[in-house]
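In what follows, a structure is listed as structure tokens, so that the remarks can point back to it.
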Amino acid sequence: MAPSGKRLEMKVNPVWKMRLLFLLGLLAVGLFLFVVRSALPPFLYAGVITYLLAPLVEELEKRGTPRVLAILLLYAAAGGILVLLITHLVPVLVRELNAFGEKLPMYTAQVQGLVRWLQENYAHAELPASLRQVLDETISRSEQVLLSYTRSAAQLAFSLLSHALSLVIAPVLAFYMLRDLKLIKRTFAGLFQEPARTEIFSILHQIDSVLGGFVRGHLLVALIVGMLSFVGLTLLRIDFALIIGFVAGLFDIIPYFGPVIGALPAVAIALLESPLKALYVIILFLIIHQVESTIVSPKIIGQRVGLHPLVVIFALLVGGNAAGLVGLLLAVPITASAKALLFYFWKKRWPGREGTS
């Protein structure tokens, strides 16, 4: 009995016991969050604000600015920008939305006329029955995909409006999070003992090192692309330049497909006016994309997530199919985080081997 008892005692590894307790703790936390999920949106928004502003607060603090004053200075800068947006851009946006609503029947009639013209010419074309069936299915599928993404964008906009109260409360919560961030980290660290504490913080550091600069930099790049699109479309006298610029900036966050999707509304509206104007718009977006990829992104983003283009495209297809527009926006950050986790455990399991990107 003694030898078997000894073998059993040797199998009970404290590290594995700690990991089991950690997984059970995660399960309990996940269950709790599911129960109180209706109260989470303001805290999630506040967490995003905290994550974006924390490096700036820490940088100001290193330069001798008291932490609370640093937070207030950043809030004042953000508030000033918000006031400028509300006083200058929001009225223009409202006017463009009203004008778009008035012109929508005209655009619909023009598109229907174009579709009828294509159908008439397509019907007279001598094509094999199998090829005609493939073309019909492709057109139908393209229409469904376009409607799906349009619906997702509208749902996202209405979701933000429905969370207006959460968006108002979030900056207040973020202020306290930023102020007590070091205390929150110490309290979180105190929940674990070594070596679990070191392992957890190593994992979080790996994820932050991959995503931190990329997420913050990409948001700034998207803002620049949106502004360049707005200015260029205004110079070309394209209707709804502000709305299209916002859409172009939003979709620029999505790698590869985003710039193309963001340019489509501008090209479509310009095409309804004249093919030459549509050509000018295409050239404009090609120039903006070249400026972004060769000048803006390398200087602002700097680091990449280290994902192969095939992996990025696969992640985008999966994310778009699973969650529409939101899935497209989150596909790359989630995939990069998963890669960081796998790479971390790979190096820990086989210290002498290096994973590949």
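Tabulated results
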| quantity | calculated |
| --- | --- |
| Close pairs (9 angstrom Cβ cut-off, 6 or more residues apart or separate chains): farther than 15 Å from ASP239 by Cβ in segment 86-106, assigned to a helix (DSSP H, G or I) anywhere | LEU89/LEU242 |
| Qualifying residue in segment 297-310 (condition: at pLDDT 85 or above and either closer than 16 Å to VAL231 by Cβ or outside any helix (DSSP H, G or I) (or both)) | no |
| Of the criteria (1) in contact with a Gly (Cβ under 9 Å, 6 or more places away or on another chain); (2) surrounded by 15 or more Cβ atoms within 10 Å (Cβ to Cβ), which one ILE169 fails | (1) |
| Test: residue in segment 209-222 that is assigned to a helix (DSSP H, G or I), closer than 21 Å to GLY25 by Cβ and modelled with pLDDT under 75 | no |
| Options ALA39, ALA28: the member that is at pLDDT 75 or above, surrounded by 10 or more Cβ atoms within 10 Å (Cβ to Cβ) and closer than 20 Å to ALA189 by Cβ | ALA28 |
| Pair list, Cβ under 9 Å, 6 or more apart: segment 221-246 residue in the same structural domain as ALA263 (by TED's automatic domain parsing), other residue polar (S, T, N, Q) | VAL221/SER297; ALA241/SER229; ALA241/THR234; LEU242/THR234; ILE244/SER229; GLY245/SER229; GLY245/THR234; PHE246/SER229 |
| Any chance VAL281 is part of a helix (DSSP H, G or I), free of Cβ contacts under 8 Å to residues at least 40 places away in the same chain, in the same structural domain as GLY319 (by TED's automatic domain parsing) and surrounded by 18 or more Cβ atoms within 10 Å (Cβ to Cβ) | no |
| Selection from segment 48-86 of residues that are over 27 Å from the mean Cα position of the chain (by Cα) and not aliphatic (A, V, I, L, M) | GLU61, LYS62, ARG63, GLY64, THR65, PRO66, ARG67 |
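Quick grid of which residues meet (1) among the aliphatic types (A, V, I, L, M); (2) at pLDDT 85 or above:
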residue: PRO66; (1), (2): no, yes
residue: ALA70; (1), (2): yes, yes
residue: VAL83; (1), (2): yes, yes
residue: LEU93; (1), (2): yes, no
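The values are calculated or read from the model by the stated rules, or taken from the named source; none is laboratory data. All values reported here derive from a predicted model rather than from experimental measurement. Note that we place each Cβ from the backbone using ideal geometry, even for glycine, and neighbour counts take in every protein chain shown.
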